[in-house]
1. Give the lysines reachable from residue 118 as a straight Cα distance under 26 Å; neighbours fewer than 8 places away on the same chain don't count.
2. Near residue 133, within a Cβ-to-Cβ distance under 12 Å, what is the net charge of the other residues, with Lys and Arg +1 and Asp and Glu -1?
3. Over the chain, consider all pairs of different Cα atoms and compute the Kirkwood hydrodynamic radius from their mean reciprocal separation; express it in Å, one decimal.
4. Once Lys and Arg get +1 and Asp and Glu get -1 on their Cβ, which of 199, 214, 172 lies farthest toward the positive end of the dipole of the chain?
5. Would you mind computing Rg(Cα) / (2.2 N^0.38 Å) for region 97-185, counting N as its residues?
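FYI, it's all coordinate maths here, none of it is from the lab. What you see is a predicted model; the values in this text were computed from it and never measured. All Cβ positions, even for glycine, are placed from backbone atoms using ideal geometry, and neighbour counts span all protein chains on display.
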Amino acid sequence: MLILGIETATEQVSVAIGGHEGVLGMFEVCRGRRHAETLTPAIQFVCQQADIELAEIGLVAVDVGPGLFTGMRVGLAAGKALAQALRVPMIGMSSLDLLAFPVRHTSRTIAAVIDARKGELFYACYKPVPGGVQRVLEPRCGRVDDLIADLMARGDDTICVGDGALRYADEIKNDLNCEFAEQFSSRPSAGPLVQLAHARALREDWVNPWEIHPLYLRLPDAQINWSSRVQGNTDATGGTVR
């Protein structure tokens, strides 16, 4: 079975095709928030370079987040549209799982950390197990102090991976003795997405396109801004401030 992997949860757009032979073709580019303009040509390019027709795809795997709202929405919409058009199932994977998996060859606890903007982070923790990683701290949204507190509470030797870890490396180093994965592994990639999805596909652990849902962990910025505006108007007209 050939798997098309779509990863757009961060600033990077990543597309890969693979199966039992491994990853056959991959495209990655980081161009800010131009996900909508980049994704469709990226899929066409990978298919062309791998000499594969879209009709040969048997499963679509997508990154369901957490991540940047606009990028996630673009990837999920494209993945669902393709899966429905091809009449194939889907598999959704967390962006934090995709960050942790390539760092599995370690004896340390893995902290996968994505920059959520606005001074916040998306993060989860994993321990290496034979063949992969096992989540030991569920995905959450918090500030760098929350991440440090959670890691200190665990008391494990830790390796941090992700653009969020690199952005706040100085603060983390001040309180913790931990390693940091290299810059080249700082964003989720469609390569691990295809690899992990293939293992689940062998178990037929897939769902219908309409059963795929994003993992936001916080409200979209537009909804937050609208709520703040409504609250501000209420306060200005004599409403109760809570």
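1. 173
2. Local charge sum for residue 133: +3.
3. 18.7 Å
4. 214
5. Against the compact-globule rule of thumb, the ratio is 0.96.
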